[in-house]
Amino acid sequence: MLIRNATESDYPAICRLIHDREELFRVYPRGRYPLTVEQLAELAKQRRELRVGEVDGRVVAFANFYKFVPRRYTFIGNVIVDRDYRGQGLGQRLIKHMLKLAFAEHYLPEVRISVFTDNTAALLLYGRLGFQPYALEERQAPGGAATALLHMRIARAGRHQGWTKGDNSVIL
């Protein structure tokens with residue numbers, strides 16, 4: 001998978017990654033289904049480091065930063081991998097890429113990510129990468145049911161290459 005900066009010409013392909021209301025809620029809770037190019041253009045004005053993942057010229061993944069606080073932290077947001085490409089390690093590659101941007105290029109000491117607790121695959125992925133929970137927030141899902149949003153974080157540990165495991169830090 002090639003990971004590159006997202007451009008406006010990618011917006012239609014990014015919108016096609018979202019297949020239903022539930023998926024949009026997991027990726028962009030404030031979004032309105034169906035996700036449109038116009039919504040994505042507005043989102044892009046509020047986000048940083050918009051990235052897409054491409055396989056054979058096809059956009060199959062998307063992520064970005066939000067709530068970017070220089071010298072403190074950022075959140076990785078809007079993480080999505082095309083249904084046909086899930087389970088192949090692309091999400092892991094995309095999150096590692098975003099971590100490298102945050103730690104090695106922006107010199108942030110911490111990166112955060114939020115995930116709904118019913119998204120088991122994402123919870124397990126983030127845990128394997130070293131993210132640790134720090135807060136739980138009640139949200140209202142489409143249809144009105146209560147759901148839980150888990151906030152997780154990982155800290156930058158040092159300057160050497162590699163990934164640590166189990167100590168809530170990444171070494172770059």
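Scanning for something under 12 Å from the mean Cα position of the chain (by Cα) and either surrounded by fewer than 15 Cβ atoms within 10 Å (Cβ to Cβ) or at pLDDT below 95 (or both), does segment 51-67 turn up at least one residue?
No, segment 51-67 contains no residue that is under 12 Å from the mean Cα position of the chain (by Cα) and either surrounded by fewer than 15 Cβ atoms within 10 Å (Cβ to Cβ) or at pLDDT below 95 (or both).
Hey, any hits in segment 80-97 for a residue that's in contact with a helix residue (DSSP H, G or I) (Cβ under 7 Å, 6 or more places away or on another chain), part of a strand (DSSP E or B) and modelled with pLDDT of 95 or more?
yes
Residue under question is Tyr107, and the condition is that it be in contact (Cβ under 8 Å) with a residue 12 or more places away in the chain, within 15 Å of Met152 (Cα to Cα) and surrounded by fewer than 18 Cβ atoms within 10 Å (Cβ to Cβ); does it hold?
no
Name the one entry in Tyr66, Tyr11, Tyr33 that is in a helix (DSSP H, G or I) and among the aromatic types (Phe, Trp, Tyr).
Sole residue among the options that is in a helix (DSSP H, G or I) and among the aromatic types (Phe, Trp, Tyr): Tyr11.
Of (1) in contact with a helix residue (DSSP H, G or I) (Cβ under 9 Å, 6 or more places away or on another chain); (2) over 21 Å from Met152 (Cβ atoms); (3) part of a helix (DSSP H, G or I), Lys45 satisfies all except one. Which?
Evaluating Lys45 over (1) in contact with a helix residue (DSSP H, G or I) (Cβ under 9 Å, 6 or more places away or on another chain); (2) over 21 Å from Met152 (Cβ atoms); (3) part of a helix (DSSP H, G or I) leaves (1) as the failure.
Looking only at residues that are polar (S, T, N, Q) and within 24 Å of Arg139 (Cβ to Cβ) in segment 3-48, which one is surrounded by the fewest Cβ atoms within 10 Å (Cβ to Cβ)?
Narrowing segment 3-48 to residues polar (S, T, N, Q): 5, 7, 9, 36, 39, 46.
Keeping just the survivors that are within 24 Å of Arg139 (Cβ to Cβ) gives 36, 39, 46.
On the way: Thr36: 14, Gln39: 18, Gln46: 11.
Here the residue is Gln46.
Within segment 53-62, is there a residue that is touching a helix residue (DSSP H, G or I) at 6+ places or on another chain (Cβ under 6 Å), aromatic (Phe, Trp, Tyr) and assigned to a strand (DSSP E or B)? Reasoning before the result, please.
Of all residues in segment 53-62, those touching a helix residue (DSSP H, G or I) at 6+ places or on another chain (Cβ under 6 Å) come to 53, 59-62.
Among the residues that remain, those that are also aromatic (Phe, Trp, Tyr) are: 62.
Filter once more, so that each one left must be assigned to a strand (DSSP E or B): 62.
Looking through segment 53-62, at least one residue is touching a helix residue (DSSP H, G or I) at 6+ places or on another chain (Cβ under 6 Å), aromatic (Phe, Trp, Tyr) and assigned to a strand (DSSP E or B).
The values are calculated or read from the model by the stated rules, or taken from the named source; none is laboratory data. This structure is a prediction, so every number in the text was calculated from the model and none was measured. All Cβ positions, glycine included, derive from the backbone under ideal geometry; neighbour counts span all protein chains shown.
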